[in-house]
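Shown next, in structure tokens, is the structure this report addresses.
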Amino acid sequence: MTDATANPIPGTASKGKSLLEQDDRTKRRNAAEKRFRAYGIAAISIGLLFLLALLWAIINNGIPAFTQTFINLEVELAEENLDPNGNRSLEDIRKVSTFGYNPLIGAALIAETADIETEVSDGDLTKILSASAAAVVRNYVIENPDQIGETVEFRLLASSRVDGYLKGRVQREDLARDRNLDAAHLDLIDEMVTRGSTERVFNWDFILGADASESRPEQAGIGVSMLGSFFMMIVVLFAALPIGVAASIYLEEFAPQNKFTDLIEVNISNLAAVPSIVFGILGLAVFIQFAHLPQSAPLVGGLTLTLMTLPTIVISTRASLKAVPPSIRDAALGVGASKMQSVFHHVLPLAMPGILTGTIIGLAQALGETAPLLLIGMVGYIASNYPDGVASGFLDPNSAMPAQIYEWAKRADPAYYERAWGGIIVLLLFLLTMNIIAIILRRRFERRW
């Protein structure tokens, strides 16, 4: 038995230092760790700061789009203007254009502001109303011809300038060169707000309505483009999911490992990094120019986005299949199952949560894409009407939420810019919902090995 202290290792003497005291090397190492932690905390803080700034910009600019200014007017539906023959024939009533309703609305505005001192002439009063006011009254009369001759109260949209003034977007000095409104109109609006005939309310038409022309920004809504995105996502789901999952199962479980499959795997990884506009060019060439499918249709948009989403689904599905332990396959094969039975009865059900999560993330990515839709014409079409049925929903020209936001953002009227921010909020809510569903599915069905 020997004493370890009898023969100390050269160079290991404590040189009079205690083990409880840190040497210089340890101090430098601990200081480096502290600096690294500080760098990490600073990086996270900067990222959160930019994220909060982005969210604040989106919310601050987009929330006003969810409210709209309306003017309540009692309009006399004069029979001599709308039905001179007095026979209440819909054919005769439809012949009266919106120009025939403008004098009725003007008379209602004159009566409403008769006791208000204003410098606005009677002919300029209608400038505070939306260009859609006459169409609203006309549609009501066509649907209710028995109301002709009566005085009916209407809630009519105010013009985009009036709406912007009450939201703080338009200032009085901004109207110096405006041919539509002047300061006298704003004084009149202030008085009408005080009297309660003008009010801002929640704008359901922005969520459920359709796009409008550039002369009626206050009437534009995102509802029809939401439906267009819905039909596109259906196409992507039913096209990309089976193709992507089948390709992944073959490559991961059945394909031999050779140069050909290696080439396929490399190309799938490269396709996941290809700019989305390239898929738009491919969709334009294949589905529109070669297959002659209808331009701007959700079917074409969905097929184009399917090409873009397939690599993401294939990669996520293969990762989910790899995560299943080999012992599951070996156990299935050991009790007499075939290769296909082991894959479809044991491996695939265990990998399904990851497959669903990857699919939903791929759909969320496709939902927010704009560039592929530019190439197939979905930004050049104003989606002003809902589709008549399921078939027309897939085949008729329509728009999508990101394309609609892009279209609004490039228009000149500031009211459209406001609606573009509001559309971003709606799109983010959809994306947030889809990602929450993906997280719930992963947490609910995840298996830990």
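See the values below:
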{"quantity": "Residues that are touching a strand residue (DSSP E or B) at 6+ places or on another chain (Cβ under 9 Å) and either at positive phi or aliphatic (A, V, I, L, M) (or both), drawn from region 121-130", "calculated": "ILE128, LEU129"}
{"quantity": "Sole exception among (1) touching a residue at least 12 places away in the same chain (Cβ under 8 Å); (2) within 18 Å of GLN365 (Cα to Cα) for VAL278, by number", "calculated": "(1)"}
{"quantity": "Residue within region 246-265 that is at pLDDT 90 or above, under 27 Å from the mean Cα position of the chain (by Cα) and not basic (Lys, Arg) present", "calculated": "no"}
{"quantity": "In region 107-129, residue modelled with the lowest pLDDT [restricted to those that are of a type in the set (A, V, I, L, M) and assigned to a loop (DSSP other than H, G, I, E, B)]", "calculated": "VAL120"}
{"quantity": "Qualifying residues in region 87-102 (those that are in a loop (DSSP other than H, G, I, E, B) and surrounded by 15 or more Cβ atoms within 10 Å (Cβ to Cβ)) - the one modelled with the highest pLDDT", "calculated": "TYR101"}
{"quantity": "Hits in region 292-323 - residues which are open to solvent by 50 Å² or more (accessible area, probe 1.4 Å), of a type outside the set (A, V, I, L, M) and in a helix (DSSP H, G or I)", "calculated": "LYS322"}
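Residue-by-condition table, conditions (1) open to solvent by 80 Å² or more (accessible area, probe 1.4 Å); (2) under 30 Å from LEU432 (Cα atoms):
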| site | (1), (2) |
| --- | --- |
| ILE44 | yes, yes |
| THR67 | no, yes |
| LEU109 | no, no |
| ASP115 | yes, no |
| VAL136 | no, no |
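The values are calculated or read from the model by the stated rules, or taken from the named source; none is laboratory data. Values in this document were obtained by computation on a predicted structure and should not be read as measured data. Cβ atoms come from the backbone with ideal geometry, glycine included; neighbour counts cover every protein chain shown. Side chains included, ligands, DNA and RNA excluded: accessible areas come from the protein's heavy atoms. Shrake-Rupley method; radii C 1.70, N 1.55, O 1.52, S 1.80 Å.
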